[in-house]
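Written out below as structure tokens is the structure these notes cover.
The values are calculated or read from the model by the stated rules, or taken from the named source; none is laboratory data. These numbers were taken from a predicted model, which means no experiment stands behind them. So basically every Cβ, Gly included, is an ideal-geometry build from the backbone, and we count neighbours across all protein chains shown. Please note that ligands, DNA and RNA were not included when accessible areas were found on the heavy atoms of the full protein model with its side chains. Shrake-Rupley method; radii C 1.70, N 1.55, O 1.52, S 1.80 Å.
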Amino acid sequence: MSVDVVTFGCRLNAFESEVIAREAERAGLTDTIVINSCAVTNEAVAQARQSIRRLKRERPGARIVVTGCAAQTQAQTFAEMAEVDRVVGNDDKMRGETWRATRAALDVGGSEKIAVADIMAVREMAPHLLQGFAKGLPRVFVPVQNGCDHRCTFCIIPYGRGNSRSVPMGAVVDQVRALAERGYAEIVLTGVDLTSYGADLPGAPKLGMLTKQVLRHVPEVKRLRISSIDSIEVDRDLLDVIAADARLMPHLHLSLQSGDDLILKRMKRRHSRKDAVAFCAQVRRLRPDIALGADIIAGFPTESEAMFMRSQELVEECGLTFLHVFPYSPRPGTPAARMPQVRGEAIKQRARRLRATGEAALQRRLVSETGSTRQVLIESATQGRTEHFLPVAINGEVPGVVLTLAIIGHDGTRLISNCHRPA
Ligand code: SF4
């Protein structure tokens, strides 16, 4: 029995799980389950603990190793679980020697459970060249940046991933080329605070320069996407690419978090409501068909009904299509957890209302797509996504191919195309 990696959380974790599987196998670990955890909400941490208990019941002989952001920020909590054999740090998990040491420790038994280094001491992001993804995904993620130098008051991520660090541009180009040559139709540049890319590299190249370099040096790339960005940190080069290069997909996801300036201040965000609205208008001038999405927190401490309504109104004012709504979840050790909290029921209710606003916004976009022709990446036998990241109902196509489809309608949540009527 080999090594099974169970992945929670973000795209960065998805990529890192591929590296963990490779390095743990190379170290000769067998009959081992690695939990690559997430700490972004209390719920995410609870899910990792539940999975550990369930997996140990299902495979009593297997060794269980926990890593990821929850292991980094709550190592002792996991070490105290009888089911857990080893807790590995979030940077340590990417090193071959960590897995060789883990094998030795597990084979000997009785040694120190916790192998978690100080994540704030990590200065570099070692590139890991992957030739492919185990699951044969139609879309693959390439981490170019990790960690974060900001300290938003609600966020635990910097304590799980450390300060910002970037992969040198040449290594990113090599990784993207390796995946594009393997036929992956869509590649997503990803990170924790993507727009701080390069600040730690010689010459401090920005995300825009990186994107230009990738598109210039890898003509095989058909569809390049960038994951969530901080609109206030977007550089001139990136705006140029958004305007000029059709291979950069016309879809941006923004970390907006709130529509109220006082709440943004209490979150220690770097933008104002006016900045957010202005940025969305600017990119829409550069790329009129662009689709915009955003993360918004419902029920941040001290948020009044009036402040919440400003988040509601922001959806239309920014012309958002996709909304990721996060009911506020106090993270132990963050400043916001010590602020006056909004009642739990009010948080749930606001999240519900915001999601409804988001669904209505998506509907408006789906309606406006009817009559268009779109390049659709087939994700599975039943679904594809357009260049604007809009879901399209598909019937029996091969994942990984890009088809030119005429959009003839929608079913309320997905587009319908001319040649593939849902069953
Ligand atoms: S920018 Fe803020 S929300 Fe994003 S990872 Fe950094 S601290 Fe967290």
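Each of 227, 105, 329 was scored by the projection of its Cα onto the charge dipole of the chain, and the greatest displacement toward the positive side belongs to 329; charges sit on the C-beta of Lys, Arg, Asp and Glu.
State whether region 3-117 is rounded, prolate or oblate according to the following rule on the C-alpha gyration tensor (a ≥ b ≥ c being the square roots of its eigenvalues): a/c under 1.5 gives rounded; otherwise a/b larger than b/c gives prolate, and the remaining case gives oblate.
On the way: a/c = 1.38, a/b = 1.15, b/c = 1.20.
Verdict is rounded for region 3-117.
Is the shape of region 219-361 rounded, prolate or oblate, going by the alpha carbon gyration tensor and its root eigenvalues a ≥ b ≥ c, with a/c under 1.5 for rounded and a/b larger than b/c for prolate? Walk me through the intermediate numbers first.
Values: a/c = 2.16, a/b = 1.94, b/c = 1.11.
Verdict is prolate for region 219-361.
Using θ = phi - 60° in the Karplus curve 6.51 cos²θ - 1.76 cosθ + 1.60, the 3J(HN,Hα) couplings for region 297-309 round to 8, 9, x, 4, x, 6, 5, 8, 4, 5, 5, 4, 4 Hz; x is entered for Gly and Pro. To the nearest 10 degrees, how steep is helix 344-369 against the longest Cα principal axis of the chain, on a 0 to 90 scale? The answer is roughly 50 degrees.
Within 9 Å, Cβ to Cβ, of residue 259, how many net charges do the neighbouring residues add up to if Lys/Arg are +1 and Asp/Glu are -1? Write out the running numbers ahead of the final one.
Numbers: positive: 273, 310; negative: 260, 261, 313, 317.
With Lys, Arg at +1 and Asp, Glu at -1, the neighbours total -2.
Each residue was assigned an accessible area with a 1.4 Å probe, and for residue 129 the value is about 90 Å².
Restricting to Cα atoms and excluding each atom paired with itself, what does the Kirkwood estimate give for the chain in Å? Spell out each step's value before the answer.
Numbers: mean 1/r = 0.0440 Å⁻¹.
Hydrodynamic radius (Kirkwood, Cα only) of the chain equals 22.7 Å.
Heavy-atom accessible surface of region 214-368, averaged per residue, reaches 42 Å², computed with a 1.4 Å probe.
Using the empirical formula 2.2 N^0.38 Å as the baseline, the Cα radius of gyration of region 147-292 reaches a ratio of 1.07.
Taking amide H as placed 1.01 Å from N in the peptide plane, the amide H of residue 258 sits under 5 Å from that of 297, each at least 5 places away or on another chain.
Per-residue SASA remark: residue 289, around 60 Å² accessible (1.4 Å probe; ligands, DNA and RNA not included). Cysteine residues of the chain whose Cβ has no partner cysteine Cβ closer than 4.7 Å: 10, 38, 69, 148, 419. Specify the angular offset, from 0 to 90 degrees and rounded to the nearest 10, of the alpha carbon long axis of helix 96-108 from the longest principal axis of the alpha carbons in the chain. Between the helix axis and the principal axis of the chain, the angle is about 40 degrees.
Sorted into 10 angstrom bins from 0, the C-alpha pair distances of region 373-422 split as 32, 64, 3 percent. Accessible area per residue for region 373-422 is 41 Å², calculated with a 1.4 Å probe on protein heavy atoms, without ligands, DNA or RNA. For region 1-105, the solvent-accessible area of protein heavy atoms averages 39 Å² per residue (probe radius 1.4 Å; ligands and nucleic acids excluded).
Give me the percent of accessible area attributable to carbon and sulfur for the chain, probe 1.4 angstrom.
54 percent
Would you mind telling me which residue in 203, 371, 400 has the biggest mean-square fluctuation in a Gaussian network model of the chain, where springs connect alpha carbons within a distance under 10 angstrom? Maximum fluctuation in the GNM of the chain, among the listed residues, is at 203. Among 229, 408, the order of accessible area from largest down is 408, 229, computed with a 1.4 Å probe on protein heavy atoms. Dividing the Cα radius of gyration of region 279-423 by 2.2 N^0.38 Å, with N the residue count, gives 1.26.
Can you give the calculated 222 nm mean residue ellipticity of the chain, where each DSSP H run of n ≥ 4 adds -39,500 (n - 2.57) and the sum is split over every residue, rounded to the nearest 500 deg cm²/dmol?
Numbers: 13 runs with 153 residues, N = 423.
Taken over the chain, the calculation gives -11000 deg cm²/dmol.
Run through region 127-198 and list the trypsin sites (Lys or Arg not before Pro) located in a DSSP loop whose Cβ has at most 15 other Cβ atoms within 10 Å.
Numbers: sites: 135, 139, 151, 161, 165, 177, 182; in loops: 135, 151, 182.
Sites meeting the loop and neighbour criteria: 135, 151, 182.
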